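Okay, structure first, notes after.
All of the numbers you see were taken from the coordinates with simple rules; none came from a lab. It should be emphasised that the depicted structure is a prediction, and the values quoted were computed from it without experimental measurement. Glycine also receives a Cβ, built like all others from the backbone with ideal geometry; neighbour counts cover every protein chain displayed.
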Amino acid sequence: MAEKTKKNRKSQVWEIIWLVLFGIIWVAGLTIGILGVCAHNVGWLLTNPLYAAETSMTQWLNWGFRVDWRIFGAILLVIGTIGLVITLFYFANKHDKEAIKAARRAERLKAILASEANPSEAVVSGFTKSENVTTDKTSNRSN
């Protein structure tokens with residue numbers, strides 16, 4: 001039981017780590033996008049400190065083209081959103097599979113315990129006692 005709890009806790013920790021990571025990327029994209037909009041719409045471009053920071057970032061990264069923060073922020077938003085959706089789907093499917101597996105094990109255990117308690121009335125999964133009787137009657141008529 002302790003091993004199952006450790007495994008579940010480890011899964012939850014990784015889920016939280018991935019969600020926080022992609023959440024930070026999403027918030028950074030939103031922030032950079034808003035700053036990019038402000039850089040191009042507030043004041044003159046020559047005296048605007050946001051526009052100066054945008055152009056100095058391009059020089060700092062040594063890219064041959066100017067990095068537009070609006071587009072860069074939108075790209076980060078898309079990456080963050082896709083990462084969040086993939087993480088949520090992955091861990092939701094993982095938890096669903098574990099729940100289905102536990103339900104199947106409980107069903108099997110219940111069937112085994114029922115067959116051990118009363119071996120003469122062991123029920124095969126999917127068949128009831130009344131179906132077995134009607135099948136026997138119809139097979140006698142055809143002979």
Mean Cβ neighbour count within 10 Å, used as a protection proxy, ranking 81-89, 110-118 highest first: 81-89, 110-118
The stretch 47-57 - phi-based ³J(HN,Hα) in whole Hz, Karplus 6.51/-1.76/1.60, Gly and Pro as x: 9, 8, x, 5, 5, 5, 5, 5, 6, 5, 5
Hz values of 3J(HN,Hα) by residue in the stretch 80-97 - Karplus curve (6.51, -1.76, 1.60), Gly and Pro given as x: x, 5, 4, x, 5, 5, 4, 4, 5, 5, 4, 6, 5, 5, 5, 5, 5, 5
3J(HN,Hα) from dihedral phi, the stretch 58-65, Karplus parametrisation 6.51/-1.76/1.60, rounded to Hz, x for glycine, proline: 5, 5, 5, 7, 6, 8, x, 10
Coil-residue trypsin sites (Lys or Arg not before Pro) of the stretch 4-99, DSSP, other Cβ within 10 Å capped at 16: 66
